[in-house]
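The values are calculated or read from the model by the stated rules, or taken from the named source; none is laboratory data. Remember, predicted model here, so these are calculated numbers, not experimental data. Positions of Cβ are generated from backbone atoms using ideal geometry, with glycine treated the same way; all protein chains shown enter the neighbour counts.
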Amino acid sequence: MKDEKSLGVFYALMVLAMLGWGASWVHVKYLAERLSIHEIIFYRYGLTTLSMFPLLWMMKLSLRIDLRSFFSAFVATGIMILYTWLFIAGTHLGTAGLGGAFVTTLIPILTFGLMAVWHRKRLSRRQILALTLGAIGVMTILNVWSFHIEQIFRLENLYFILAAASWAVLTIVSSRGSDTHPLVFSFWLYALVTLLEGLFLTRFETDLSAQPPLVDLNLILLALFSTTFATSIYFIGGQKLGADRISSFTFLVPFSAIGLSAIFLGESVNAGMIVGTAMAVGAIKMLNKG
């Protein structure tokens with residue numbers, strides 16, 4: 001009975017974590033209108049790095065990292081900066097709901113496709129069907145069936161496609177290039193992003209003290225809730241529940257991004273986004289069964 005209760009609590013935490021990932025699009029949409037992209041990247045991952053110290057200490061994880069894993073983290077740093085820049089730029093130009101639905105469903109589909117090509121893997125009929133369903137789903141999210149070229153080939157849509165592709169590459173690089181605990185690897189990744197941003201990329205032109213309190217609140221929530229908390233719960237969940245069961249929770253992310261964007265940003269939600277997201281989620285579920 002006690003185990004069932006603790007499992008129920010953890011399931012609730014997993015739902016909150018997926019809401020946190022979906023909420024990141026809302027936070028970024030608000031912040032991109034007030035801060036530069038590189039400022040958002042620096043503050044987000046800087047706060048995240050600091051917040052991970054007590055987490056790693058409580059979990060009794062050492063910050064030590066072997067040379068191979070550090071090199072992998074360094075390579076992943078450049079991809080992470082590219083992904084985050086594209087993610088923020090696309091959200092600033094477009095809508096958080098569209099980006100959250102499109103990118104979070106496209107990433108696992110692209111990752112699976114890239115891994116299949118890398119390993120020269122012959123796909124089963126079910127996998128081909130799933131990829132086809134996923135492709136139709138993401139095209140429905142983009143409303144390609146309207147045949148309005150100017151709507152389909154928007155700059156923000158290109159940013160979202162490139163963001164999904166860069167995260168798929170990041171996933172492969174991180175999984176294959178490190179034997180370090182995922183949270184320790186993430187710590188070094190966030191720390192290196194913060195270091196490179198602070199030294200070379202970020203121009204600190206915005207005076208945070210002159211900004212409304214909501215800017216600070218969104219930065220804190222983006223770093224602590226949408227990144228540290230959500231990512232940590234996900235990794236811990238993978239250890240407790242297994243990768244197959246934990247992956248099903250990620251299906252909540254695109255829907256939470258759409259719902260939260262409608263609630264807090266007043267963005268409209270059309271039938272194409274809902275239907276397309278449902279199709280893409282179904283495709284991801286079919287791929288995960290393999």
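Values as computed for the structure displayed
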{"item": "So Leu155, is it under 22 Å from Val26 (Cβ atoms), at pLDDT 95 or above and exposed (fewer than 13 other Cβ atoms within 10 Å of the Cβ)", "result": "no"}
{"item": "Leading residue by the ranking (surrounded by the most Cβ atoms within 10 Å (Cβ to Cβ)) among those in region 238-290 that are in contact with a Leu (Cβ under 8 Å, 6 or more places away or on another chain) and either basic (Lys, Arg) or modelled with pLDDT under 85 (or both)", "result": "Leu287"}
{"item": "Failed item, numbered, when Ser178 is tested on (1) in contact with a helix residue (DSSP H, G or I) (Cβ under 9 Å, 6 or more places away or on another chain); (2) at pLDDT 85 or above; (3) polar (S, T, N, Q)", "result": "(2)"}
{"item": "For Ala191: the one exception among (1) assigned to a loop (DSSP other than H, G, I, E, B); (2) at pLDDT 95 or above", "result": "(1)"}
{"item": "The lone exception for Ser62 - which of (1) surrounded by fewer than 18 Cβ atoms within 10 Å (Cβ to Cβ); (2) among the small types (Gly, Ala, Ser); (3) farther than 29 Å from Leu183 by Cα; (4) at pLDDT 85 or above it fails", "result": "(3)"}
{"item": "Of all residues in region 103-118 being closer than 13 Å to Leu170 by Cα and aliphatic (A, V, I, L, M), the one that is modelled with the lowest pLDDT", "result": "Met115"}
{"item": "Number of the condition not met by Leu217 [criteria: (1) touching a residue at least 40 places away in the same chain (Cβ under 8 Å); (2) in a helix (DSSP H, G or I)]", "result": "(1)"}
{"item": "Selection status of Met14, touching a residue at least 12 places away in the same chain (Cβ under 8 Å), within 19 Å of His181 (Cα to Cα) and not acidic (Asp, Glu)", "result": "no"}
{"item": "Filtered residue count, region 23-75, keeping only those that are in contact with a Ser or Thr (Cβ under 8 Å, 6 or more places away or on another chain) and assigned to a loop (DSSP other than H, G, I, E, B)", "result": "6"}
{"item": "Test: residue in region 135-151 that is within 18 Å of the chain's Cα centre (by Cα) and either buried (at least 22 other Cβ atoms within 10 Å of the Cβ) or modelled with pLDDT of 90 or more (or both)", "result": "yes"}
{"item": "Residues being more than 25 Å from Pro254 (Cα to Cα) and assigned to a helix (DSSP H, G or I) - total across region 1-22", "result": "5"}
{"item": "Which listed residue is within 23 Å of Asn143 (Cα to Cα), surrounded by 21 or more Cβ atoms within 10 Å (Cβ to Cβ) and in contact (Cβ under 8 Å) with a residue 40 or more places away in the chain, from Thr77, Thr48, Thr95", "result": "Thr95"}
{"item": "Number of positions in region 255-290 that are of a type in the set (A, V, I, L, M), more than 11 Å from Gly134 (Cβ to Cβ) and in a helix (DSSP H, G or I)", "result": "10"}
{"item": "Residues (closer than 16 Å to Phe53 by Cβ and in contact (Cβ under 8 Å) with a residue 24 or more places away in the chain) located in region 194-204", "result": "Thr194"}
